[in-house]
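Shown next, in structure tokens, is the structure this report addresses.
The values are calculated or read from the model by the stated rules, or taken from the named source; none is laboratory data. Remember, predicted model here, so these are calculated numbers, not experimental data. Ideal geometry is used to build each Cβ from the backbone, glycine not excepted, and the neighbour counts take in all protein chains shown. Ligands, DNA and RNA are excluded from the accessible area calculation, which covers all protein heavy atoms including side chains. Shrake-Rupley method; radii C 1.70, N 1.55, O 1.52, S 1.80 Å.
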Amino acid sequence: MTRLAVVGATGAVGTTMLRLLRERNFPADEIVPFASERSAGKEVEGLTVRGLTPDADLSGFDIALFSAGSSTSREWAPRFVEQGAVVVDNSSCWRMEPDVPLVVSEVNPEAIASHRGIIANPNCTAMQALPVLKPIHDAVALERLVLSSYQSVSGTGAKAVAELQDQAHAILHEMDPPNPTIYPHRIAFNILPQVETFKDGDDYTTEERKVIAECRKILGMPDLRITATCVRVPVMNCHSESWNIETRSDLSPDDCRSLLAEAPGVVVVDEPGAGRYPLASEANGRDEVFVGRIRRDDSNERTLNMWIVGDNLRKGAATNTVQIAEVLVERGWVRSAAVRGAAPYQAEGTAIGAPA
Ligand SMILES: NC(=O)c1ccc[n+]([C@@H]2O[C@H](COP(=O)([O-])OP(=O)(O)OC[C@H]3O[C@@H](n4cnc5c(N)ncnc54)[C@H](OP(=O)(O)O)[C@@H]3O)[C@@H](O)[C@H]2O)c1
């Protein structure tokens with residue numbers, strides 16, 4: 001009997017996870033949705049939400065899929081682990097902990113085996129690029145990466161989607177748009193060169209730092225030369241990314257297209273003369289990532305430009321989480337380290353990395 005908890009079940013990622021579990025016939029005997037106390041009793045996907053309160057019963061779960069933000073993960077993921085569940089977490093809370101595997105299902109599924117109770121899902125911007133970057137790396141070795149991203153508002157969650165809708169509605173009806181509450185500036189009919197926040201005088205955003213660090217960790221290349229500019233655009237769903245990719249050996253655009261045509265989870269859409277290239281409107285609701293506009297960067301040797309688009313709520317978050325859960329069930333890796341006698345995570349949220 002497999003029991004699954006979905007924490008953050010009322011949010012943008014959580015509702016997508018619940019839909020996907022059903023679509024993919026996930027072999028669970030019971031799925032229990034959790035959200036904040038505010039949502040207790042609400043219905044999502046035909047299930048009644050439980051509040052994550054101090055008296056919540058966390059016992060008996062095999063897997064807990066988390067998408068409730070970092071502070072909730074920090075506090076609650078170790079408690080689920082202590083009760084025997086394996087946690088797959090969408091927040092950034094655990095991703096860079098050395099003993100937490102950071103997994104893209106097509107790229108490094110073998111890392112799942114080393115889990116000690118918590119497995120992290122990467123940031124959506126890194127996630128959707130890695131099924132493309134990894135086969136290129138395996139074939140000709142990555143030297144340097146330059147990313148410019150065009151990120152949708154659903155990447156910030158359900159309230160950001162409402163903010164764009166409300167502002168756009170007001171402007172189209174010749175009214176003053178409501179003041180922004182989620183973003184630092186109006187997002188409707190605007191473009192913001194800021195995704196997340198600037199910390200401690202850093203002139204890169206936290207999103208840009210995450211993409212850089214997570215690509216290095218997943219590819220196992222701590223010294224990979226990579227830079228990123230992450231931009232928020234008034235698109236409801238699906239992130240679009242321009243990548244400039246320098247490699248150690250040469251790869252022609254044709255060979256790159258052939259290579260990527262074989263890559264799991266990747267679809268090549270590349271007939272620009274016919275107006276065929278990856279589009280957010282076409283990636284919406286899809287689990288694959290789409291790549292096109294593959295061409296040489298004539299200003300630098302052994303360098304390609306390309307355009308990658310993916311549904312940030314699906315492959316960027318929910319799909320990958322469910323794929324990891326599927327591997328856990330298939331391979332029988334659902335009992336957490338706590339149940340095997342180890343206590344690898346402190347309730348305060350710091351992974352201490354040592355078995356008890
Ligand atoms: N959106 C994306 O494309 C994306 C991609 C990758 C990763 N992520 C990550 O996934 C997480 C969720 O993102 P989202 O976009 O789904 O956000 P969201 O739409 O704002 O949803 C947040 C969810 O967390 C729940 N929650 C908030 N505080 C809680 C608490 N104290 N206890 C229990 N549940 C609580 C909310 O419940 P209530 O409804 O009751 O408030 C809601 O279900 C974030 O860590 C985000 O960084 C998101």
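Given q = 0.12, 0.20, 0.21 Å⁻¹, what are the Debye log10 I(q)/I(0) values for segment 1-153, with equal point scatterers placed on the Cα positions and solvent ignored? Here log10 of I(q) over I(0) equals -0.55, -1.33, -1.43. The lysines whose alpha-carbon is closer than 24 Å to the alpha-carbon of LYS315, local same-chain residues fewer than 8 away aside, are LYS134, LYS159, LYS210, LYS217. The calculated 222 nm mean residue ellipticity attributable to helices in the chain amounts to -8500 deg cm²/dmol, summing -39500 (n - 2.57) over DSSP H runs of n ≥ 4 and dividing by all residues. Evaluated at q = 0.16, 0.22 Å⁻¹, the base-10 log of the normalised Debye intensity for segment 242-341, with identical point scatterers placed on the Cα atoms, takes the values -0.77, -1.11. Based on DSSP, what percent of beta bridges with both residues in the chain are antiparallel, to the nearest 5? So the antiparallel bridges in the chain amount to around 45 percent. On the basis of the beta-carbon distance and an R0 of 25 Å, ASP138 and ARG331 show a calculated FRET efficiency of 0.60. Separation of segment 37-61 and segment 229-301, taken as the distance between their Cα centroids, equals 40 angstrom.
At 1.4 Å probe radius, can you tell me the per residue accessible area of the chain in Å²?
That works out to 43 Å² for each residue.
Only Cα pairs under 8 Å and 6+ residues apart enter the sum, and on that basis the relative contact order of segment 117-267 stands at 41 percent. Modelled spin labels at GLU246 and SER281, positioned 7 Å past Cα toward Cβ, are 3.7 nm from each other. Which shape class, rounded, prolate or oblate, goes with the chain when its Cα gyration tensor gives a ≥ b ≥ c as root eigenvalues, a/c under 1.5 marks rounded, and past that a/b bigger than b/c marks prolate? Note, shape of the chain comes out oblate.
Of MET1, MET236, MET306, the residue with the largest accessible area leads and the full order is MET1, MET236, MET306 (1.4 Å probe).
For the chain, the relative contact order is 20 percent, taking Cα pairs closer than 8 Å that sit 6 or more residues apart in sequence and dividing their mean separation by the residue count.
Segment 211-251: which trypsin sites (Lys or Arg not before Pro) are DSSP loop and have at most 14 other beta-carbon atoms within 10 angstrom? Show your work: numbers first, answer last.
Working: sites: ARG216, LYS217, ARG225, ARG232, ARG248; in loops: ARG248.
Passing both the DSSP loop test and the Cβ count: ARG248.
Here segment 139-225 has 51 percent of its accessible surface on carbon and sulfur atoms, given a 1.4 Å probe and all protein chains in place.
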